[in-house]
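Visitor: Can you keep this structure in mind? I'll have questions shortly.
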There are 2 protein chains.
Amino acid sequence: MSAVSDLQRLIGTDGVLAPSDGLERYERGYRYGTGRALAVARPATTGELRAVVRYCVSNDVRIVSQGANTGLVAAGTPDSTGDQLILSLERLRAIETVNVGDRTARVQAGTRLSALNRQLATHQLFFPIDLGADPSIGGMIASNTGGSRLLRYGDVQKNLLGLEVVLADADATVLTDMKALRKDNSGIDLKQLLVGTGGTFGIITAAQLEVQRLPVQTATALLVPARQEAIPQLLNLLEAEAGEFLAAFEGMSANAVEAALEHNPRIRNPFDKGSIPPYTVLVELASVLGPDRIDLSDFLADRLGAYMSADDPLVADGLLGRSEDLWAIRHSISDGVKALGRIIAFDVSVARTRLPALRAELLAAVHANYPFLRVCDFGHGGDGGDHFNIVWPPDASSAYDASTVDALRDLVYDTVVKRFGGSFSAEHGVGPYNVAYYKRYTSPEERAFAGKLKQLCDPKGILGNIDFG
Amino acid sequence: MSAVSDLQRLIGTDGVLAPSDGLERYERGYRYGTGRALAVARPATTGELRAVVRYCVSNDVRIVSQGANTGLVAAGTPDSTGDQLILSLERLRAIETVNVGDRTARVQAGTRLSALNRQLATHQLFFPIDLGADPSIGGMIASNTGGSRLLRYGDVQKNLLGLEVVLADADATVLTDMKALRKDNSGIDLKQLLVGTGGTFGIITAAQLEVQRLPVQTATALLVPARQEAIPQLLNLLEAEAGEFLAAFEGMSANAVEAALEHNPRIRNPFDKGSIPPYTVLVELASVLGPDRIDLSDFLADRLGAYMSADDPLVADGLLGRSEDLWAIRHSISDGVKALGRIIAFDVSVARTRLPALRAELLAAVHANYPFLRVCDFGHGGDGGDHFNIVWPPDASSAYDASTVDALRDLVYDTVVKRFGGSFSAEHGVGPYNVAYYKRYTSPEERAFAGKLKQLCDPKGILGNIDFG
């Protein structure tokens, strides 16, 4: 194939994989779907990457950038045409600098989160985006991941100091803002165009990150809210009383917890007599101060006691546990739910005070219209995110049917976006799996503007596998 | 004048001020400079504002948006031609919603920071950008202000959830992202184009802000570092030991403190026998936890004692004081320095560990080349910002001379940007006063890209009084 040999001449034989080399691990999505690639280009330097981009621009070859291939909306995998080149960042994975005094790290885009955090941990530092997967830093930027500790540390955008980006114009122009300054308003903030746009506006090749001190103590508890509507009040109470230490406030439905416990037999059921409460909130406090200054376990136990013994208690039950044990439940949910049948996944968000009302309305609607489906949702109470995942069990009274799934998606998304003013994609970004909803819910003005921006960054429209216009 | 009467027909007599009405307070900069306006349009609704923009687009009238007119780079005041219309946001100042449970506030762009914080304080909340001035929220977004507590809360961008923006195209297109979601990656993040671009890409009319819990206790101290190079180590030690509570780490030169004390006789000199140390660091700890949980004054006193009695102490001297008294020194510096003579002001930043070396090099260069000038710098040690302000005293051996000032600016900016990889505008943005340095230090690629973005948002180039291309 001529593209393969052309690219091999540009960046070496090792740099390019042809379909005959077996491309499945690049073509198959992390959880869903598979496509077919023209080839995989694996440049080892920004210079090589630019050579690939210039070749693609002049030969009209479409490019799908791929980091660790852990995305959930197919933005990093090719479509089924076999015409798209996968541009893998996997060989651009150097951790170039860790500056302990500045709390900054300069990394190439293919660096894995786990690799970065291993190195940072030797300096009592970490990049504080807490995720189930192990993505590349470039992919995290392209999808602006949030995760379980956003409440305390914010999303990727808030921890990003600079980017190096290659545009898909004829020169493969490099835009660079890698000064790693905390205060810099000396021009336009070009990098922000790239955050959360999934590789369609440019290819992220390197980043400057702000990193954080690792906590030296944590205290973790499971709380059973007295009633759903009390959850936002409980969050406000914890923000007022546990203040700076509050690190996570994660919600789990009974179905989600049950799926996690069934799937991972090493997890002990922490609830009395094996019962699972209808909804559980996992609360974590964390601090860089040691227990000699303030003992977070004592502090959390004290607060739990007070909440449970109040006249009109917000908390019906609560138990402290080892952090690893309680988080193991939370982190086993995705795989546990997946094991129950076909998943219809959602990644939605609303204003956090409206999350209980949204859940109540969605649960009622799903039960009324699709009684054979099982909702196993879990989410981020601190920021209004909910993974409203629904399982179609293999033994359901009704057989799996794509048009039913489409109707269900319409129901959920219309409720979230139109009735609750929320988002159809809280932290997974936009890709082929949900671009139809982007088109449905985004104003014509914004889409027109996005289309013009795209034209500016990628005049021939070869980057990515969705159309933002 | 026809523009005035045309605009009065569009938005009413009250909405437009003519030169004969006296426009000085709109035309004169907060600290420096003055221009001359065609008129001042003061729309009371976004609809009226759009009508003004459409009129200006079709009649080629240039627009300078103005919030509270507290900017320092002349981005909000007209030039001397008398051809520019000031579009004042002062009548768009409603605080539309404060949602206590969500910790969000929806405001019109002309809302003053002080007005917002007064209302938020009734709910134990605040917008945590700490500044000497009292700007409008729209102006804060347009210049992405940072201030004295960035170390803890970040800059405006990090506390911004959404914007409403009017573009200067023929339709005066409104782009709206006012959902106030903490997690939303369902499209491009249009608002980021507007942050820090000083009104040249669009007119910010409203914003959704994330707001924070007000601390219930603070502890404040002045520390005298044992040596300049120890300052970053001291910061790291405080980050490790005082962790979540560290709210400010501000540096003040002796000349800056002396100017503050001379200017404001109500401030008591807190140092022994009236001596002023060569450099002082103001440290503030703050918490939403009460002193019954952890007493920050005791905690800070304990740490100060330990730092001073160490074998190789980082801190030579330290004193705790009332927070208001110590901050009064810091907040009196600007006016104090201004009273000493003509100011040559700088707002630069570098990586925070490099700030002592930058200061040493700049001080040596200024003293060697311009011994008659007095450097009165102060800055933000936590984020590498420094207001390297220089006074030309009225009784200097050499008379004030603009070409000397230009040479001095070249010396300082070249040192900051070229030798230290820093920024010539850390938090004041880019305006007519420093656009020449934007052109000098910004890469041709980035300027070309910025020019194309500008073309997209403002095809006729009528917005703002600088050219970002």
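The values are calculated or read from the model by the stated rules, or taken from the named source; none is laboratory data. The structure displayed is predicted, hence computed values, not measured ones. All Cβ positions, even for glycine, are placed from backbone atoms using ideal geometry, and neighbour counts span all protein chains on display.
Visitor: Which pairs do you get when a residue that is in contact (Cβ under 8 Å) with a residue 60 or more places away in the chain, found in the stretch A:350-361, comes within reach of a residue that is assigned to a helix (DSSP H, G or I) and charged (D, E, K, R), reach meaning Cβ atoms under 6 angstrom, with the pair 6+ apart or on two chains?
Guide: So the pair list comes out as A:PRO356/A:GLU229.
Visitor: Shifting gears a bit: Which strands (runs of 3 or more DSSP E) sit wholly inside the stretch B:72-177 and have at least 3 residues that are hydrophobic (A, V, I, L, M, F, W, C) and modelled with pLDDT of 95 or more?
Guide: B:84-88, B:160-166
Visitor: Also, I was wondering about something else. With the condition being without any contact (Cβ under 8 Å) to a residue 12 or more places away in the chain, buried (at least 21 other Cβ atoms within 10 Å of the Cβ) and not small (Gly, Ala, Ser), I'd like the strands (runs of 3 or more DSSP E) fully within the stretch B:226-334 carrying at least 2 qualifying residues.
Guide: none
Visitor: I've got another one for you. Being surrounded by 21 or more Cβ atoms within 10 Å (Cβ to Cβ) and among the acidic types (Asp, Glu) narrows it down to one residue among A:ASP134, A:ASP184; which is it?
Guide: None of the others qualify; the one that does is A:ASP184.
Visitor: Follow-up question, since we're still on this one. Against the condition under 26 Å from B:ILE141 (Cβ atoms), surrounded by fewer than 23 Cβ atoms within 10 Å (Cβ to Cβ), not basic (Lys, Arg) and not assigned by TED's automatic domain parsing to the domain that holds A:SER275, how does A:LEU175 come out, does it pass?
Guide: Yes; evaluated as a whole, the condition is true for this residue.
Visitor: So, in the stretch B:162-201, exactly how many residues are acidic (Asp, Glu), in contact with a strand residue (DSSP E or B) (Cβ under 9 Å, 6 or more places away or on another chain) and more than 9 Å from chain A (Cβ to nearest Cβ)?
Guide: Residues flagged as acidic (Asp, Glu), in contact with a strand residue (DSSP E or B) (Cβ under 9 Å, 6 or more places away or on another chain) and more than 9 Å from chain A (Cβ to nearest Cβ) within the stretch B:162-201 amount to 1.
Visitor: While we're on this one: A:LYS338: surrounded by 16 or more Cβ atoms within 10 Å (Cβ to Cβ) and among the charged types (D, E, K, R), yes or no?
Guide: Yes.
Visitor: What is the residue count in the stretch B:410-462 for residues that are farther than 30 Å from B:ASP83 by Cβ and surrounded by fewer than 17 Cβ atoms within 10 Å (Cβ to Cβ)?
Guide: Residues flagged as farther than 30 Å from B:ASP83 by Cβ and surrounded by fewer than 17 Cβ atoms within 10 Å (Cβ to Cβ) within the stretch B:410-462 amount to 8.
Visitor: Between B:LEU355, B:LEU304, B:LEU289, which is touching a strand residue (DSSP E or B) at 6+ places or on another chain (Cβ under 7 Å), more than 30 Å from B:GLU427 (Cα to Cα) and either not assigned by TED's automatic domain parsing to the domain that holds B:ARG31 or not acidic (Asp, Glu) (or both)?
Guide: Being touching a strand residue (DSSP E or B) at 6+ places or on another chain (Cβ under 7 Å), more than 30 Å from B:GLU427 (Cα to Cα) and either not assigned by TED's automatic domain parsing to the domain that holds B:ARG31 or not acidic (Asp, Glu) (or both) holds for just one of B:LEU355, B:LEU304, B:LEU289, which is B:LEU304.
Visitor: Is it the case that the stretch A:221-241 has a residue that's β-branched (Val, Ile, Thr), modelled with pLDDT of 95 or more and in contact with a Gly (Cβ under 7 Å, 6 or more places away or on another chain)?
Guide: Within the stretch A:221-241, one or more residues are β-branched (Val, Ile, Thr), modelled with pLDDT of 95 or more and in contact with a Gly (Cβ under 7 Å, 6 or more places away or on another chain).
Visitor: Here's something else I'd like to know. Among the numbered criteria (1) out of contact with any helix residue (DSSP H, G or I) (no Cβ under 8 Å at 6 or more places or on another chain); (2) surrounded by fewer than 16 Cβ atoms within 10 Å (Cβ to Cβ), which one does B:ASN369 miss?
Guide: (1)
Here is a yes/no grid of residues against (1) under 17 Å from A:GLY199 (Cβ atoms); (2) out of contact with any Pro (no Cβ under 6 Å at 6 or more places or on another chain); (3) more than 14 Å from every other protein chain (Cβ to nearest Cβ):
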| site | (1), (2), (3) |
| --- | --- |
| A:ASP60 | no, yes, yes |
| A:THR70 | yes, no, yes |
| A:ALA75 | yes, yes, no |
| A:THR97 | no, yes, no |
| A:LEU125 | no, yes, no |
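Visitor: When only residues in the stretch A:144-161 that are among the charged types (D, E, K, R) and closer than 18 Å to A:GLY198 by Cα count, which is nearest to the other protein chains (Cβ to nearest Cβ)?
Guide: That would be A:LYS158.
Visitor: On to the next question. For B:PHE346, indicate whether it is more than 12 Å from chain A (Cβ to nearest Cβ) and closer than 14 Å to B:SER253 by Cβ.
Guide: yes
Visitor: Hey, can you tell me all the residues within the stretch B:202-225 that are within 14 Å of another protein chain (Cβ to nearest Cβ) and either surrounded by fewer than 23 Cβ atoms within 10 Å (Cβ to Cβ) or assigned to a loop (DSSP other than H, G, I, E, B) (or both)?
Guide: B:GLY202, B:GLU210, B:VAL211, B:GLN212, B:ARG213, B:LEU214, B:PRO215, B:VAL216, B:GLN217, B:THR218
Visitor: Does the stretch B:448-469 hold any residues that are polar (S, T, N, Q) and under 21 Å from B:TYR433 (Cβ atoms), and which are they?
Guide: Result: B:ASN465, single match.
Visitor: Now a separate question. So which of B:LEU181, B:LEU190, B:LEU131 is farther than 28 Å from A:GLU427 by Cβ and outside the structural domain of B:ASP386 (by TED's automatic domain parsing)?
Guide: Of B:LEU181, B:LEU190, B:LEU131, the one residue that is farther than 28 Å from A:GLU427 by Cβ and outside the structural domain of B:ASP386 (by TED's automatic domain parsing) is B:LEU131.
Visitor: Determine whether B:ASP386 is acidic (Asp, Glu), under 15 Å from B:ARG352 (Cα atoms) and crowded, with 21+ Cβ neighbours inside 10 Å.
Guide: yes
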